[in-house]
Amino acid sequence: MAPITTADIQSLRQQTGVGMLEAKKALTEAKGDAALAIENLRKAGKKLAASKSARTAKEGTIGTYMHSNGNVASLVVVLCETDFVARTDDFKNLAHDIALHIAAANPTYIQPSDVPVEMIAKEKEIYCEQLKGENKPEKMWDTILEGKMKKFYADVCLLQQVYVKDDSLTIADVVQQAISKLGENIVISSFSRLTV
């Protein structure tokens, strides 16, 4: 039997959602055969990975960025499920890149559900007044208003913003890619942007 590597264990964890020790034990019992290890875990009634977003993210790191002129800096708390992933270069780079984005794009909230109801109501009121002034047909207002609100969220909400390093992605897309690559739930829990 070939020795069981950390990569083998991590791969089994990504496929099944079991812990590090459980994955190692399953691979050892299956003599390194990943397919047999998965089968044995199923037979033993172990829960396979559910939606990663339902899993608790309680480990993580603080990503930092300071602009070269020293006038803008940002901090972001990015969480994952295990300290194993939190210590990886991929995860640290993700946190740094999100901090860089925050410094450049200046979001106010993490996601649309964080925007105060009063602010949303006020924005809709302003947009409705604009539509009245533009003499747009009233039957089109809902569609136009939906588009304007989407643009508003893309301006003020971090996850909806177009990523400064790749305009084909939003920050939500960047986080989803990292979840797929690292095999754990990843959550941006808070951020702060400082300017002189």
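The values are calculated or read from the model by the stated rules, or taken from the named source; none is laboratory data. Remember, it's a predicted structure, so these values are computed and weren't measured experimentally. Neighbour counts run over all protein chains shown; Cβ positions are idealised from the backbone, glycine included.
Look through the range 109-123, keep the residues that are surrounded by fewer than 14 Cβ atoms within 10 Å (Cβ to Cβ) and farther than 25 Å from Leu94 by Cβ, and return whichever of them is nearest to the chain's Cα centre (by Cα). Residue satisfying both the conditions and the ranking: Pro116. Sort out which residues of the range 81-108 are touching a helix residue (DSSP H, G or I) at 6+ places or on another chain (Cβ under 6 Å) and of a type in the set (Phe, Trp, Tyr), and write them in order of number. Phe91, the sole residue that qualifies. Collect the residues in the range 165-195 that are of a type in the set (D, E, K, R) and surrounded by 13 or more Cβ atoms within 10 Å (Cβ to Cβ), keeping them in residue-number order. Across the range 165-195, the qualifying residues are Asp173, Lys181, Glu184, Arg193.
Each residue in the range 121-169 was checked for being among the polar types (S, T, N, Q), free of Cβ contacts under 8 Å to residues at least 12 places away in the same chain and under 29 Å from Leu100 (Cβ atoms), and 1 pass.
Only a single criterion out of (1) in contact (Cβ under 8 Å) with a residue 60 or more places away in the chain; (2) closer than 18 Å to Cys157 by Cα; (3) buried (at least 16 other Cβ atoms within 10 Å of the Cβ) is not satisfied by Asn106, namely (3). Which of the residues spanning the range 124-154 are surrounded by 14 or more Cβ atoms within 10 Å (Cβ to Cβ), at pLDDT 90 or above and not aliphatic (A, V, I, L, M)? Hits for the range 124-154 are Phe152, Tyr153. When the range 174-194 is filtered for residues that are closer than 16 Å to Asp90 by Cα and either at pLDDT 90 or above or aliphatic (A, V, I, L, M) (or both), the ones remaining, listed by number, are Val174, Val175, Ala178, Ile179, Leu182, Ile186, Val187, Ile188.
Of all residues in the range 56-87 being over 30 Å from Val196 (Cα atoms) and surrounded by 15 or more Cβ atoms within 10 Å (Cβ to Cβ), which is farthest from the chain's Cα centre (by Cα)? Selected residue: Phe84.
Yes/no per residue for (1) closer than 16 Å to Val78 by Cα; (2) charged (D, E, K, R):
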residue: Lys148; (1), (2): no, yes
residue: Phe152; (1), (2): no, no
residue: Leu158; (1), (2): yes, no
residue: Gln177; (1), (2): yes, no
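None of Ala23, Ala35 is surrounded by fewer than 16 Cβ atoms within 10 Å (Cβ to Cβ), out of contact with any Pro (no Cβ under 6 Å at 6 or more places or on another chain) and modelled with pLDDT under 90 except Ala35. Answer yes if at least one residue in the range 89-98 is over 14 Å from the mean Cα position of the chain (by Cα) and under 30 Å from Met20 (Cβ atoms), and no otherwise. Within the range 89-98, one or more residues are over 14 Å from the mean Cα position of the chain (by Cα) and under 30 Å from Met20 (Cβ atoms).
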